[in-house]
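**Q** This is the structure I have questions about; it appears just below.
The values are calculated or read from the model by the stated rules, or taken from the named source; none is laboratory data. Bear in mind that the values here come from a model prediction, so they are computed numbers and not experimental data. Neighbour counts are summed over all protein chains in view; Cβ atoms, including those assigned to glycine, are modelled from backbone coordinates with ideal geometry.
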Amino acid sequence: MHEIVIRGGTLVTPEGLVDADLAIGDGRIVHIAPGLSGGTEEIDASGLHVLPGVVDAHVHFNEPGRTEWEGAATGSLALAAGGGTTFIDMPLNSTPCTVTAAEFERKRAALAAASITDFALWGGLVPGNRDDLGALAESGAIGFKAFMSDSGLPEFPRADDLTLFEGMQEAVRLGLPVAVHAESEDITAGLSARLIAAGRTGVRDFLASRPVAAEVEAIARATHLAGETGARLHLVHVSSGRGVAVAAEARARGVDVTIETCPHYLFFTTEDVERLGVVAKCAPPIRDASERDALWQAVADGTIDIIGSDHSPAPPALKSGEFFRAWGGIAGVQSPLSVLLDAGVHARGIALPRIAELLAATPAARFGLRQKGAIRVGADADLALVALHDTTTLTHPLHRHPMSPYRGSSFRGVVRRTLRRGESIIVDGAATARSKGHLITCSR
Ligand SMILES: [Zn+2]
């Protein structure tokens, strides 16, 4: 007798679509075959697609220390409602930031007490903490995140070139990747100061202060340093087709670089930012339709490796008022799978296994979460059961503050159930978790 049998669904596996039952024992997938014998618990998945749970490699849940901005309880709930089962939390905007092993342990404990999904943690790379990276790796950090431009938080200063260079050398020694927010500080800070001084603080002014050239320049520099040091580089939230192209050129030269983009760069354009206002403000900013279309092309042809939400909310008071001064960050952790199903599978004909790669298999593999990210025997039973042809409207996102540019959007493709290590944690949009998630460390 199996503990749980999911019956009659279409499984989205690395080998393609498979019509089969799936049995779960001890939180893991133990059998995949048609006509499996009965389970203690039976889940009817007829008519549904069974995808690997989303592994969101880029969230800011801001716990501990800034839980009035988000928090792991609400953040993981929203993630799970969108079919997510694991998140990788950024070293900011928790307070203090995750730049030492002691802070890593504080965050691990806080998240283990609150999160209904599993999680892994980024450590931070900032000027002066190179000697902390080894202890962060020992604690289980899956890599180190650095900012090439101002992070928005004085306690997480940007990495100058020397910090980046030496941090990459240390990361190579530790066998871990370095992730960068790639925008030129010289260009963005210079343009911002000039525009603000001239009283130009509207939407178009902000977009003009962070041109594609600033992203391209920083990607070129980061990939150059990664090539020189042999570092494994991960480019977070690449917003432009030109940025992707520069990274792809580096990869063709042999640089070990992965490219992440976010659903908001695929779903919105600058016209939407003007219409939606501050709720759609982020950095790098949302671009025009030609860049969005180039990103979709790179999603379809395999150049983009990973799609992460970069969920980075703030309280409504910070997410309002003058565009230039409002918090930059988009609340979108509930929507990556919705965006990829609606705008990717339905609107652009992208295959479901490719979606599963972008949202689950590749982030899990790149960051060493070996038991996550794919439907195969032996893996954790982290699953999203999806009604591909049903439609839903996101009216009440479940993260702490409901402000989101996705609010009010309709999507074809509805998550009916999410399982984390075999436990149903969301059923028809409602939380059903009885246990909490835990830290997943990378298997190097
Ligand atoms: Zn981010």
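**Q** Please give the strands (runs of 3 or more DSSP E) falling wholly within the range 116-209 in which 2 or more residues are over 28 Å from residue 73 (Cβ atoms).
**A** Values: elements: 118-121, 144-147, 178-181.
Where strands (runs of 3 or more DSSP E) fall fully within the range 116-209 and carry at least 2 residues being over 28 Å from residue 73 (Cβ atoms), they are 178-181.
**Q** Which one of these is away from the ligand (no atom under 16 Å from the Cβ), on the phi > 0 side of the Ramachandran plot and free of Cβ contacts under 8 Å to residues at least 24 places away in the same chain: 35, 65?
**A** On the way: 65 fails: free of Cβ contacts under 8 Å to residues at least 24 places away in the same chain.
Unique residue meeting the criteria: 35.
**Q** Any residue at all in the range 47-54 that is surrounded by fewer than 18 Cβ atoms within 10 Å (Cβ to Cβ) and in contact (Cβ under 8 Å) with a residue 24 or more places away in the chain?
**A** As a first pass, look at the range 47-54 and keep what is surrounded by fewer than 18 Cβ atoms within 10 Å (Cβ to Cβ): 47.
Those left that are additionally in contact (Cβ under 8 Å) with a residue 24 or more places away in the chain: 47.
Yes, the range 47-54 has at least one match.
Yes or no, residue by residue, for (1) surrounded by 17 or more Cβ atoms within 10 Å (Cβ to Cβ); (2) farther than 26 Å from residue 335 by Cα; (3) of a type in the set (Asp, Glu):
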{"position": "188", "(1), (2), (3)": "yes, yes, no"}
{"position": "218", "(1), (2), (3)": "yes, yes, no"}
{"position": "221", "(1), (2), (3)": "no, yes, no"}
{"position": "231", "(1), (2), (3)": "yes, yes, no"}
{"position": "235", "(1), (2), (3)": "yes, no, no"}
{"position": "257", "(1), (2), (3)": "yes, no, no"}
{"position": "261", "(1), (2), (3)": "yes, no, no"}
{"position": "270", "(1), (2), (3)": "yes, no, no"}
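**Q** Restricting the search to the range 317-339, which residues are in a helix (DSSP H, G or I) and either away from the ligand (no atom under 16 Å from the Cβ) or over 21 Å from residue 57 (Cα atoms) (or both)?
**A** Within the range 317-339, 337, 338, 339 qualify.
**Q** Check residue 398 against each of (1) within 20 Å of residue 75 (Cβ to Cβ); (2) crowded, with 23+ Cβ neighbours inside 10 Å and name the one condition it does not meet.
**A** Going through the list (1) within 20 Å of residue 75 (Cβ to Cβ); (2) crowded, with 23+ Cβ neighbours inside 10 Å, residue 398 breaks only (2).
**Q** If you take the residues of the range 3-17 that are touching a strand residue (DSSP E or B) at 6+ places or on another chain (Cβ under 7 Å) and in contact (Cβ under 8 Å) with a residue 60 or more places away in the chain, which of them is farthest from residue 341 (Cα to Cα)? Please lay out each step first, then the result.
**A** Taking the range 3-17 and keeping what is touching a strand residue (DSSP E or B) at 6+ places or on another chain (Cβ under 7 Å), we get 3-12, 17.
Pick out the ones that are also in contact (Cβ under 8 Å) with a residue 60 or more places away in the chain and you get 3-4, 6, 9, 11-12, 17.
On the way: 3: 30, 4: 27, 6: 22, 9: 17, 11: 15, 12: 13, 17: 15 Å.
Result: 3.
**Q** Say whether the condition of being within 20 Å of the chain's Cα centre (by Cα) and under 19 Å from residue 56 (Cα atoms) is met by at least one residue in the range 285-292.
**A** No, there is no match, as no residue in the range 285-292 is within 20 Å of the chain's Cα centre (by Cα) and under 19 Å from residue 56 (Cα atoms).
**Q** If you don't mind, another one. Can you name the residue in the range 300-316 that is among the aliphatic types (A, V, I, L, M) and away from the ligand (no atom under 16 Å from the Cβ) and is also farthest from residue 69 (Cα to Cα) among such residues? Full working, then the answer.
**A** As a first pass, look at the range 300-316 and keep what is among the aliphatic types (A, V, I, L, M): 300, 304, 306-307, 314.
If we keep only those that are away from the ligand (no atom under 16 Å from the Cβ) too, we end up with 300, 304.
Numbers: 300: 34, 304: 30 Å.
Looking at the filtered set, the residue picked out is 300.
**Q** Among the helices (runs of 4 or more DSSP H) contained in the range 210-275, which hold 2 or more residues that are β-branched (Val, Ile, Thr) and away from the ligand (no atom under 15 Å from the Cβ)? Let's see the steps before the verdict.
**A** Values: elements: 212-229, 241-252, 263-267.
The qualifying helices (runs of 4 or more DSSP H) are 212-229, 241-252.
**Q** Tell me, which residue of the range 165-193 that is in contact with a helix residue (DSSP H, G or I) (Cβ under 6 Å, 6 or more places away or on another chain) and within 16 Å of the ligand (Cβ to nearest atom) is nearest to residue 363 (Cα to Cα)?
**A** That would be 178.
**Q** Next question. Only one of 85, 95 is among the β-branched types (Val, Ile, Thr), crowded, with 24+ Cβ neighbours inside 10 Å and not in a helix (DSSP H, G or I); which? I'd like the intermediate steps shown before the answer.
**A** Values: 95 fails: crowded, with 24+ Cβ neighbours inside 10 Å.
Of 85, 95, the one residue that is among the β-branched types (Val, Ile, Thr), crowded, with 24+ Cβ neighbours inside 10 Å and not in a helix (DSSP H, G or I) is 85.
**Q** With the condition kept exactly as written, say whether any residue in the range 297-316 is touching a strand residue (DSSP E or B) at 6+ places or on another chain (Cβ under 6 Å), of a type in the set (A, V, I, L, M, F, W, C) and within 30 Å of residue 200 (Cα to Cα).
**A** no
**Q** Can residue 235 be described as in contact (Cβ under 8 Å) with a residue 12 or more places away in the chain and touching an Asp or Glu at 6+ places or on another chain (Cβ under 8 Å)?
**A** Details: in contact (Cβ under 8 Å) with a residue 12 or more places away in the chain: yes; touching an Asp or Glu at 6+ places or on another chain (Cβ under 8 Å): yes.
Considered against the rule, which asks whether it is in contact (Cβ under 8 Å) with a residue 12 or more places away in the chain and touching an Asp or Glu at 6+ places or on another chain (Cβ under 8 Å), residue 235 comes out as yes.
**Q** Just name the residue that is farthest from the chain's Cα centre (by Cα) out of those in the range 421-438 that are of a type in the set (A, V, I, L, M, F, W, C) and buried (at least 18 other Cβ atoms within 10 Å of the Cβ).
**A** Within the range 421-438, the subset of a type in the set (A, V, I, L, M, F, W, C) is 425-427, 430-431, 433.
Those left that are additionally buried (at least 18 other Cβ atoms within 10 Å of the Cβ): 425-426, 433.
Working: 425: 20, 426: 20, 433: 22 Å.
Among those that are of a type in the set (A, V, I, L, M, F, W, C) and buried (at least 18 other Cβ atoms within 10 Å of the Cβ), it is 433.
**Q** Based on this model, can you work out whether residue 250 counts as modelled with pLDDT of 95 or more, over 19 Å from the mean Cα position of the chain (by Cα) and buried (at least 24 other Cβ atoms within 10 Å of the Cβ)? Write out each step before concluding.
**A** On the way: modelled with pLDDT of 95 or more: yes; over 19 Å from the mean Cα position of the chain (by Cα): yes; buried (at least 24 other Cβ atoms within 10 Å of the Cβ): no.
In short, no.
**Q** Moving to a separate point now. Of the residues that sit in the range 98-115 and are in a loop (DSSP other than H, G, I, E, B) and away from the ligand (no atom under 16 Å from the Cβ), which one is farthest from residue 414 (Cα to Cα)?
**A** Keep residues of the range 98-115 that are in a loop (DSSP other than H, G, I, E, B), which gives 98-100, 115.
If we keep only those that are away from the ligand (no atom under 16 Å from the Cβ) too, we end up with 100, 115.
On the way: 100: 40, 115: 23 Å.
For the range 98-115, the residue satisfying everything is 100.
**Q** Could I ask something else about it? Can you name every residue in the range 72-82 that is buried (at least 24 other Cβ atoms within 10 Å of the Cβ) and hydroxyl-bearing (Ser, Thr, Tyr)?
**A** 76
**Q** Would you please list the contacts, defined by Cβ atoms under 8 Å and residues six or more apart or on different chains, that run from a residue in the range 125-140 that is at positive phi and in contact (Cβ under 8 Å) with a residue 12 or more places away in the chain to a residue that is among the hydrophobic types (A, V, I, L, M, F, W, C) and part of a helix (DSSP H, G or I)?
**A** Listed by first residue and then by second, the contacts come to 140/104.
For (1) more than 16 Å from the ligand (Cβ to nearest atom); (2) touching a residue at least 60 places away in the same chain (Cβ under 8 Å); (3) among the acidic types (Asp, Glu), each residue gets a yes or a no:
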residue: 341; (1), (2), (3): yes, yes, no
residue: 360; (1), (2), (3): yes, yes, no
residue: 363; (1), (2), (3): no, yes, no
residue: 382; (1), (2), (3): yes, yes, yes
residue: 401; (1), (2), (3): yes, yes, no
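**Q** Here's a check for you: in the range 175-199, which residue that is over 23 Å from the mean Cα position of the chain (by Cα) and in contact (Cβ under 8 Å) with a residue 12 or more places away in the chain is nearest to residue 127 (Cα to Cα)? Spell out the reasoning first.
**A** Restricting attention to the range 175-199, the residues satisfying the condition of being over 23 Å from the mean Cα position of the chain (by Cα) are 185-199.
Imposing the further condition that a residue be in contact (Cβ under 8 Å) with a residue 12 or more places away in the chain reduces the set to 185, 187-189, 191-192, 195-196.
Values: 185: 15, 187: 20, 188: 20, 189: 19, 191: 24, 192: 23, 195: 28, 196: 28 Å.
For the range 175-199, the residue satisfying everything is 185.
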